[in-house]
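Inspection log for the structure reproduced underneath, given as structure tokens.
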Amino acid sequence: MIARWRRGVIMKDAGRVSNSRGFRRVLLGGMVAVIAALCAPVAKAQLGSNTAQVATITGRVSIERGGELWTMTAGQTIQAGHVIVTGQDGYAQLALSDGSVLEVFPNSRLVFRANRFSWRDLLDLYLGKVRLQIQHLTDDAQPLRVTSPSAVISVRGTVFEVEVDPAQDTIVSVETGAVSVRHRLIPGQEVLVESGQSLRVVAALPLAAAKAAPRVRIIGRVVRAVGDTLAQINATRGSSGGSGSGSGAGGGSIPSPVPGTAPPPSSGPPASDSGSNEPAPPPGEDGPSAPPGDVIP
């Protein structure tokens, strides 16, 4: 009896132990599921309207913090206000939450969403080159803005490039769609840059002057061509007049019409400009009826 009682107690204890282990497993599995459920929204929230994720990276690409460069890696989240710097071989492709793509090329320096209080301000490019593929926004949504030291670019949805040279001039090239560009330093109207067009914004010149520069050069070439043509005409007239004055200095005079002969055609040049080119009187008509000195020896 005692042995049976002991066996029953042992079996009850084993059942309790097994039940406790199963409960722990169930509890542990539930905790893992809860943690995963809690972490999933957090992971999605990391790529919000004010963040971007590094999709591709090659060469030297860094984030500047406190004057120091920290190497950027693939999959890293770029927060608003981060300063991105690329070296001579650096290239990075960033993915935005709405599906837009930002490419950063070598020798560039930019700030991603420097204005944290406005989602419209996408980036500030200080030097180098970027390429943006912006998804189309709704008609009632305000356009995104890309700024440089000399330009402010407004875009709703397009593919375009922005390049800033060491002189702080900005070149905007549109592949598809259209963007509006205005001068950041000099007040003036916006200029629409459409597909296949480029616009150079000079830091020291108004945007209208920069836009009209090619047309002014063409007009200047036409004016110079007309001036050269007039100069050639004047030179030709001068040479003709010079030969006529030389014949007058030799003692000759302009021949008078011979009686009975027809006057020279009126379509020819004036007598004062013909000089020695006037034909001599025909033989036999230079007798007493012709005034003396009309034949040039």
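The values are calculated or read from the model by the stated rules, or taken from the named source; none is laboratory data. Just so you know, these numbers come straight off a predicted model, no measurement behind them. Here Cβ is always computed from backbone atoms with ideal geometry, including for glycine, and neighbour counts include all displayed protein chains.
Here are the numbers:
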| read-out | value |
| --- | --- |
| Given (1) part of a loop (DSSP other than H, G, I, E, B); (2) surrounded by 13 or more Cβ atoms within 10 Å (Cβ to Cβ), index of the condition residue 99 fails | (2) |
| Any hit, the range 158-166, residues being modelled with pLDDT under 95 and closer than 30 Å to residue 49 by Cβ | yes |
| Number of positions in the range 178-194 that are without any contact (Cβ under 8 Å) to a residue 24 or more places away in the chain and surrounded by fewer than 19 Cβ atoms within 10 Å (Cβ to Cβ) | 7 |
| Filter pass, residue 118 being part of a strand (DSSP E or B) and among the small types (Gly, Ala, Ser) | no |
